[in-house]
Every structure is written in C-alpha cells, then in structure tokens.
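A quick write-up on the structure given underneath.
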Amino acid sequence: MAATFSRRTLLGGAAGAAALGALGAVTASTAGAADDLRVYVLVVDGCRPDEAVGEHLSVVRDLAEQGTSYSQARSITVAETIPNHVAMMTGVRPDRSGVPANSVWDPARGEVRDLGEATDLKAPTLLERLPAELGVPTASVLSKDYLFGVFGERASFRWEPEPLLPLTNHAPDIFTMGAALDMIDDHDPALMFVNLGDVDRFGHMDLSGSSIRLLRTLALIDTNLQLERFVDHLKDRGTWERSVVIVLADHSMDWSTPLSIINLDGQFDDDPLLAGNVQIAQNGGADLLYWTGPASSRAEALVHMRQIAESAEGVLSVHDPAELRLGTNAGDLVAYAKEGWRFTDPSVISNPIPGNHGHPTTEAIPFIVSGGHPMVRRGQVSPAPALTMDVAPTVAALFGLAPPPGDWDGEARTEAFQSALLPA
Amino acid sequence: MSQVFDRRSVLKASGVAAAAVAVGGSVATASSVWAEEADPAFTHGVASGDPLPDAILLWTRVTPTPESLPGSGQGPEVEVTWEIATDNAFANIVETGNVVTGPDSDHTVKADATGLSPATTYFFRFRLGDAVSGVGATRTAPAADAALAHLRFGVVSCSNLPQGHFGAYRYLAERGDLDAVLHLGDYIYEGGGGDVRPHVPAHEIVTLADYRQRHAQYKTDEHLQRLHALVPFIATWDDHEIANDAWSGGAENHQPDTEGDYAARKAAAHQAYFEWMPVRSEADKIYRRLRFGLLAELSMLDLRSYRSQQAKPYDDDVDDPNRTITGAEQMAWLRDGLINSGSQWKLVGNSVMVSPVLVPPLPKDLLGPLLKLLGLPEEGGVVNPDQWDGYTADRGRLLDTLVDNGIRDTVFLTGDIHSSWACDVPRDAGNYPNSPSVAVEFVATSITSDNIDDITGLPPRTVGRVIEGALTTLNRHIKWAEVDSHGACVLDVTPAAVQMDWFFLANKNDPASALSHGRSYRVRAGTQKVARVGSPVTVGNA
C-alpha cells in the first residue's frame, strides 16, 4: 500500500492504507452481508435523464431494467460537479460538507477558486470511514483533476487522472475505465467511486448542443462502450453476482446560444453602492454573489443586488444561500439562470462555453441501482425523490456503516434492495 | 319535473352493496343489480368525490316532498344522516353525521367524511327519516408518502345529454378497477332542445332554477348515476357548465340584451354546480390539487373563471402578455405546485388543449419578429383561440416553468374538443423536435358531444381522416388525432409509465351500445414523449 507517485500508478491513500493496516485483522469480520460485497458507484458526469433512457446508452438502460431506476432523481443544488460528488460520498448538505459549488470566492486568498483541495471538504466520507471503521478497502478513480484534489488521500486506493486533456483537465473515459478495471484487478476494493468525465466535458464544448449535439452524442456512444467494458469485466471475473452497481449523474446539462448570456458584474458596477464591492463566483448556470463592501452597508447592498439580478433577462430566481443549505462560503445571494441561458462573469467573455449546468433545469439526473447481487430488486421504477446525497447512506446501509455524527442528510434508498437480504 | 321525480332507474341499496367489492385496491363492481324501485326521496342517487388520504366528499339530493322538485325553491328543511362504513352491510360504520338541507341549497347534501384511512374502500349511504338511499362505494387516496405502484383513473369530458346516451359512463362503472373518475368539464350543456333525448328544461338555461333543473336531469341518467355511486369523481368545469366559450366577463353564448347580466348567470351556474357536484369548494374556487402518494399529484384547473376574452384566429392578440387563461393567482399556484411537487407524475386536469394546434406552426425564434410585424401570431396560425393557443404568454410561462426547473413527467389530461389526441408538448412547436418535448398531453374524446362526422353528416372515418392527416402533418408533435369517435378513456399510472387507453362507442345513440378499444398511447418515465402501444391495460389488473 505504499504510495507510488507515478501518475499512471494506482496510489495508496495514506489514511486509508494506514487504517487498513491497523484494522487488517478485522477486515474479514465486517458485517456478514458485506464480506464479499462489492459496490461500484459510477458517475456519468453531466448525463441527462433523457439520454439515460435514449438510444446511445444501452448499457444504462439494461442496468435500469435489471435494477431500480429513480425517475425523479435530482442533484443537490448547486448542480455542479464537485458539490454533488462530495454529497455522494458524505451524505450531507453543503452547509456541513463545506462544498456548495465548484467555484467560490475565497476572501482569505482574495480570489475566486475551485473547491478542489482536500482541505475544502469538511465532512467525513465513505472513502475513509469504511476502511477506518469497518476495515473495508475503498478506491477512487476520478477523471477530473479537481475531484482528485478534493477527495485527497481519503480512499484506500486512488488513481490520479491521466492523461489530462488540455482545456478540459480531465482524463478521457477510455483511460479512466482502464484504470477502474486495473483497480479492481489489482486491489479489489469493496467500494469504488468512479467519475467518467467525457459526457460532461464534450457536452460543455458542443456548439451544436442546442440542436444535434454532435460532440455530446459521440461522447455518449463512447461512454456506453466503457460501461459495457465494466460490466463485462465483472462478469468475466465472476464477481457480478456479488456486485451492486450504482450509476448516476452529478447533474445534467443545458445549452445556450452566444446571445443568451447573463453578465451581472457589469450591472453591479453601474450601481454606485455596489461598484467594486461585489465578487461573483460564476458556476455556469448559477452565480454566487458576495458583498465585499462595508458590513454597515450590507443589508442595503443585498437589496440592490437582488433587484438587479432578479430583473436581469435570463435570470430565473435569486435565493438566500441559507434557505438552500449552502453554507457560509456560498456568499450572500445565489442567482439561477433560466433554461437556455448561462452566466458569464465577471466579463461577457468569461464563460464562452455553450454547455452549462448549475441551474435548476440541470438538476434532473439518472439514478440507477443495479448489479448482479441477489439483494438487488429487479425491474423497478421508483418515484422516490432520490438525491445525489442518498448514495452515501445507501452504501453505508449495504456495509452496515453507522451514520456520521449529526446523521445523514440523505436517505438510504433501501427500496432498491430485497430488505430481507440487507444487513441488519 | 314529474318525470324526474318518478324516474325509476336508480340504485337500490342492496343491489349495489352486493355488487360493489374491492378488487386489487380499487373500487369495483360486478355486473350491478339494478333497482326495481328505490326510495323516491333519493331519486338523484349518491356520489362521492375529491378523495383525500383521510377524507372523502359524499353527496346526495333528497326530495322530501313531492313539491320539493329541483329548482322549485319549494319544500321543507330536513335533516339528512350520512353513514360511511368499511363493509357494504354497514356492520362497521366508521363515521356518521347529519346535514340540514332545504330549498336554499336545492335540497342537495354534501358531507365531508373525515377521519378515514388512506387507500381504503368505503361504503356510504344517507337516511331521511325511514327512507334510505342507495349505497355508494368509494375510496380514499393513498397516504401522501406512500410509494404505491399503481393508480387507474377514468378520464371523461363533454357529455351532452341530447346528443346521445351515456354508454361510456356505463362502461367505466362496469370496469371495476378505477380509483377515481376525472371529469374534465362540460358535464352538462346549457342548450335547450334535443336530438336523441330532450333537455330539461327545454330551453337554454340561464337562471339558477334552470341550472338546478339541468343538473338534476343529468343526475337521473342511469349510467351516470351508476358511475357516481361506484367511483369517486374529481371534476372541474369547462364552458358549458355556464355557456359556450365562457370567459371571465362573458361568453360567446350569452347575449346580455336578452339573457341579462352575465355575472348573475355565472353566479347561478356556479351555485348550482357546487350544489349538485361532489366537489369541494372554497369561495367559488374550484382549482385544487389532490395527491396520490409519491406516484402522482393531480392539479385540476379552472380555465374559465379568470381568463381574458378570446382573441380572433390569426390575430396577434393571442401573444399579448397581458392576456391570461388562468389568471395570475392560479398560474402562480400551478407553477408552485409543479416546482414543489413531491410526486413523480404531475397530472394536470386541463379543460382545453395546451398543445399547439397551428396552421402551420412556425419557428418562433426565426420568424417571430416578422410575424409580429405582420400582426400575426408569433408561433403560427391559431385554429382555436379558445384553447391555450389563444393565450401563448400564459402557455410560455407554464412550459418555461417545466424546463427552467428541470421538471419531468408532466401529463396534461384534457377534454373540450370532442375528439382524441396524443401529443408531445414542445415549447416551440415550429422547431420540434429540435425544441424538445417538455410534457405530454392526452385528450379524451366526448361522451356524446358531436364531432366531425356528426357535424358534417358524412360517414365516420371519411372526412375525419383527411382532417387528422392535415393536423398531424402540419404539427409534428401531434402524434395522433381521431375526430369521429365518442367514448371514455382509462389512464393507468405506474412509476414506469402513464398509459391512456381510448375506448369508443359503437353507437352513441344506443344506451346499450358496446365500446371497443380504439387506441393506446404511453409516456415512459423521464421521456416526455408519447409512444403508441398495441393493447390497453388489462381490466382489473390494478
């Protein structure tokens, strides 16, 4: 388990490895049903629910037919990649995890930055809790550099994504899946958390997103092949029957034209009170707005900010972050875009990409619980309002892991399983 | 009115009670035993409606004395007792109560039976002195958080009594597998005369007494009465409950010079409706929402009381953002309900079509400015400005709400136009399918009200086919239209899909006419697209 720092190598997480070393003796004595259980959480980043039931993701359709598909599943807000991956592994809302969006204003550093550092994540995750508390090894195979960063060395085993494509900073799915299969063969983790980034990354760049979605479609076709590799691999290894496979997205995707953009920074600068005193963390379909002027003017300033944002064409709604349970680092106000619109702040060229998410129209996601394990219920469509943060309590229920201090915010989706076969 | 009082086709208590049983969780009946003679005090039958998890609205009308005829304003005040039980022998009565009624409410009786258990079949009856009503069967809604696997509704509209017999109601009553019947409006018609059978009164109804007598006549139809007794109704009104093409301040079929003040007529129509229908009312407000566990939520709309006057076809008034079909308050209520629904399927009881029916539909982004310049509707020529097509700003607000908030699985259930339709609902019909479907719409045909073959006098499936071909060719989101047949629909709701089955009458002029399966369409969860399926759902497979 010693860490080897070649980028191609599957790294041993220091915390997880140490925990496994210390608890090695108890590994075999974890909860009965969990002894040979393998759980794989596969995130098809940015996948829309209509794509999950469409013609290009036949493997996802097959998995849905063999398991439970949650027809009303949604991401948590803000519908961005980092907060939803964090929610999947922590089972708690952003006001407890510390990760409300991809990008926030960091007053200490005086910059807007991605929450891609291990210290940004304040809540415990399954990745270190399972090995530490039950001696169950975990792994993370995450295609995006900031996901690799935010989860740090929490997993027992982790893969540092490579090769990273320029502009997208993600590893193509063919490499990510290759790493995932190697991870299974080399370390056989009981829980593996995988992010496949192609569908999202090529969707962001797809200039035909509002019509034929050419790049997006090609990505879907390839990702389907990678998922097929994964299922075939488990079947070839003879481990399919002890596997639970959760396939979901972190958010979906919406496309906008170059004329359907919202620039709030310029409008704030036209207001004498706000000029120079507002910072904006732009998250595609959502803007986090921060008042940085004198505290004595804050209340008045928020009224101005809200009025300007609400009256801007393309803005759907404006919210107090507290009502959304986003936590203090989400700023003073959160503005959402309408479908077909995107924010571009601070300048009108800050966000040139046509595909965006973060706004409510991108909260609908596919969420499927499947696999070959006999406890998986077959052929169900559930209307339960599943959320990304339900993944952690669901996985915890399978392994018999206790809730974290303060309990889960999510809910274990136990209706996807034969209750008699679940651990007590 | 003596013929109403003397009518013999009413349910006999023991007959229905023996026939009504719970099958698979739905109210059901075997072939009902029809009455020899029911107590004349309960000539208008019994009904239930608006099921909640813990309550159901019970309805009847009493005729305590021969002079207490509907609309007469005559007769004494009387106290009526209601009973609701878990068994049809009334050995286990769970709730009972008394209601005082009299001429002020036209001797109608409405009682909200509360304290009931969710998803439970109940039996109910009324007593007036020694007289006992027929026994009704009904069923409460599931608990709000119940993850149920199945619901089934009858879906109907447009039952014009002089234009045929209500064999379609008979069909639904005989199925025995329905959780409720959704009536989407035009439950009565305001006109006089009659082709197949005469309206009562014989003239166009205008006054409160008129509307009361008309409702009373419909409530004595044997098929409708039987369905009311066996399945709870969830009803809304369309225009003919007042007058044709009604809007907030008038109606096409209202002439103030000869028929008086429209507001007075509207108030009379509404009063009679609330007296005679098993619907809950709150200060003349009928739009409301009913929840069926995690599986479905039903928003019943009122698209007549608050709407602006209809525009003319091909008039760009249809795009005026200040014109409304819902009114601002109802629109806010509807949007809020859709956004915050905790249920999977968002069913919208919608009295007029929401899908664009345009000749031709035009891409708004491309040609909208030119059409606006020409004074034409931005989305294309409007065939029927009485539908949502005539109020495009409100439709835009509604459909924007769906897409802006990522709302899936919205199904509009519609009546009004005496024909059958299955449609995808795109936000921009001219750009469909590039403008994707954001909901679907199923339109129920009429129980009896005339459609194309009746109006043209030509054989069915002749000119109708031509019209259907033109509509579906020009409007690619309209997947099916059938403009000749009458009947009833059955809506089957599961987590995986919602399916609408159309059943058509062989002959609407024959009270014993058979019905046969006409067509079925389904929307699978998450798709927002209709697709044809070959077979209807199995009767009783609830």
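Here, each number is a calculation from the coordinates, and none is a lab measurement. Treat the numbers as computed from the prediction; the structure is a model and nothing was measured. Virtual Cβ from ideal backbone geometry, glycine too; neighbours counted across all protein chains shown.
Helical runs (DSSP H, four residues minimum) scored at -39500 (n - 2.57) apiece and divided by the length of chain A put the mean residue ellipticity at 222 nm at -8500 deg cm²/dmol.
What dipole magnitude, in Debye to the nearest 20, does segment A:331-390 give about its Cα centre under +1 on Lys/Arg Cβ and -1 on Asp/Glu Cβ? Don't skip to the answer; put the middle values down first.
Values: 4 positive and 5 negative charges, 69 e Å.
Roughly 340 debye, rounded to the nearest 20.
The B:Thr456 and B:Asn340 beta-carbon pair, evaluated with R₀ = 56 Å, returns a calculated FRET efficiency of approximately 0.75.
Look at the dipole of segment A:250-329 built from charges on Cβ: of A:Ser317, A:Gly293, A:Pro258, the Cα furthest out on the positive end belongs to A:Gly293. Taking packing as the residue-averaged number of other Cβ atoms within 10 angstrom, the listed peptides B:95-105, B:291-301, A:49-59 run from highest to lowest as B:291-301, A:49-59, B:95-105.
Residues in segment B:305-322 carry Karplus couplings, in order, of 6, 10, 7, 6, 4, 4, 7, 8, x, 6, 9, 6, 4, 4, 8, 4, x, 8 Hz; the curve used is 6.51 cos²θ - 1.76 cosθ + 1.60 with θ = phi - 60°, and Gly or Pro positions show x. Please work out whether segment B:228-284 counts as rounded, prolate or oblate from its C-alpha gyration tensor, where a ≥ b ≥ c are the square roots of the eigenvalues and a/c under 1.5 means rounded, while otherwise a/b larger than b/c means prolate and anything else oblate? It is prolate, given that a/c is not under 1.5 and a/b is the larger ratio. Spin-label model, B:Asp145/A:Ser297: points 7 Å from Cα along the beta carbon direction are separated by 4.8 nm.
Want the number for A:Ala402 to A:Ala118: 0.36 nm per residue separation, take away the alpha-carbon distance, what's left? Intermediate results must be reported in sequence, preceding the final value.
Values: separation 284, 0.36 × 284 = 102.24 nm, distance 2.33 nm.
Additional length available on full extension: 99.9 nm.
Mind pulling up the Rg/Rh value for segment A:68-215? Radius of gyration and Kirkwood radius, both on Cα.
Numbers: Rg = 16.0 Å, Rh = 16.4 Å.
Here Rg/Rh amounts to 0.98.
In segment A:268-424, a dipole from Cβ-located charges (positive for Lys and Arg, negative for Asp and Glu) runs towards its positive end, and of A:Ala424, A:Ser382, A:Val334 it is A:Ala424 whose Cα lies farthest in that direction.
Selection among A:Leu142, A:Pro100, A:His187 by position relative to the dipole of segment A:72-213 gives A:Pro100 as farthest towards the positive end (Cβ unit charges, Cα centre).
Dipole magnitude of the protein assembly as shown about its Cα centre, charges +1 at Lys/Arg Cβ and -1 at Asp/Glu Cβ only, in debye to the nearest 20?
Details: 75 positive and 124 negative charges, 378 e Å.
The calculated dipole for the protein assembly as shown is roughly 1820 debye.
Take each residue of peptide B:398-407, count the partner chain Cβ atoms within 10 Å of its Cβ, and average: the result is 6. Against chain B, whose longest principal axis is taken from its Cα atoms, helix B:463-474 shows a tilt of about 50°. Convert 10 °C to kelvin, take the viscosity as 1.306 mPa s, use the Kirkwood radius over C-alpha pairs of segment B:393-442 as Rh, and evaluate the Stokes-Einstein diffusion coefficient in µm²/s, rounded to a whole number. Rounded to a whole number, D works out at 138 µm²/s. Rounded to the nearest 500, the helix-only mean residue ellipticity at 222 nm of chain B stands at -6000 deg cm²/dmol, with each DSSP H run of n ≥ 4 adding -39,500 (n - 2.57). Annotation: peptides B:306-314, B:138-146, A:358-366, ranked by per-residue average of other Cβ atoms within 10 Å with the highest first, follow the order A:358-366, B:138-146, B:306-314. Stretching the chain fully between B:Val94 and B:Ala267 yields a gain of 58.7 nm (0.36 nm per residue, less the alpha carbon separation). Expressed as a fraction of 2.2 N^0.38 Å, the C-alpha radius of gyration for segment B:409-498 is 1.17. The alpha carbon convex hull volume per residue for segment B:125-221 rounds to 155 Å³.
Please give the average number of partner chain Cβ atoms lying within 10 Å of the Cβ of each residue in B:338-347, rounded to a whole number. Kindly include the intermediate steps, with their values, before the conclusion.
On the way: counts 0, 2, 0, 2, 4, 3, 8, 3, 0, 0.
If you average over the peptide's residues, the count of other-chain Cβ atoms is 2.
Using the Cβ-Cβ distance between B:Glu329 and A:Gln418 with R0 set to 45 Å, the FRET efficiency works out to roughly 0.40. Over the protein assembly as shown, how many percent of alpha carbon pairs lie in each 10 Å bin up to the one with the longest distance? Binned Cα distances yield the sequence 2, 11, 19, 21, 18, 14, 9, 4, 1, 0.
Charges only on Cβ, +1 for Lys and Arg, -1 for Asp and Glu: so what's the dipole of chain B about the Cα centre, in debye to the nearest 20? Walk me through the intermediate numbers first.
Numbers: 45 positive and 69 negative charges, 310 e Å.
My answer is approximately 1480 debye.
How well do other chains shield peptide B:521-530, expressed as the mean number of their Cβ atoms within 10 Å of each residue Cβ? Each step should come with its number before you reach the end.
Values: counts 0, 0, 0, 3, 9, 16, 4, 2, 2, 0.
Per residue, the average neighbour count from other chains is 4.
Take the Cα radius of gyration of segment B:390-542 and divide it by 2.2 N^0.38 Å, N being the number of residues; the result is 1.09. The average projected area of segment A:186-321, computed from the convex hull of its Cα atoms over all directions, is 12.5 nm². Start at zero, step by 20 Å, and the Cα-Cα distances of chain B spread as 23, 58, 18, 1 percent across the bins. With the simple model of a label 7 Å out from the Cα in the direction of the Cβ, A:His319 to B:Lys285 spans 2.5 nm.
Per the Debye calculation on segment B:464-542 with a single equal scatterer at every Cα and no solvent contribution, log₁₀ I(q)/I(0) for q = 0.14 Å⁻¹ amounts to -0.56. Based on C-alpha pairs under 8 angstrom that are at least 6 apart in sequence, chain A has a relative contact order of 27 percent. At a Förster radius of 56 Å, what calculated FRET efficiency corresponds to the Cβ-Cβ distance of A:Asp236 and A:Asp270, to the nearest 0.05? E(calc), rounded to 0.05, equals 0.35.
Under a 5 Å amide H cut-off, with hydrogens placed 1.01 Å from N, A:Phe417 pairs with A:Arg377 among residues at least 5 apart or on other chains.
Relative to the compact-globule scaling 2.2 N^0.38 Å, provide the ratio for the alpha-carbon radius of gyration of chain A. Don't skip to the end; give the middle numbers.
On the way: Rg = 21.2 Å, N = 424, 2.2 N^0.38 = 21.9 Å.
The reported ratio for this selection is 0.97.
Computed from backbone phi with θ = phi - 60° and the Karplus coefficients 6.51, -1.76 and 1.60, the 3J(HN,Hα) list for segment B:201-215 is x, 6, 9, 4, 7, 9, 8, 4, 4, 4, 4, 5, 5, 5, 4 Hz; x is used for glycine and proline. Take every pair of alpha-carbon atoms less than 8 Å apart whose residues are at least six positions apart; their mean separation over the length of segment B:116-178 yields a relative contact order of 26 percent.
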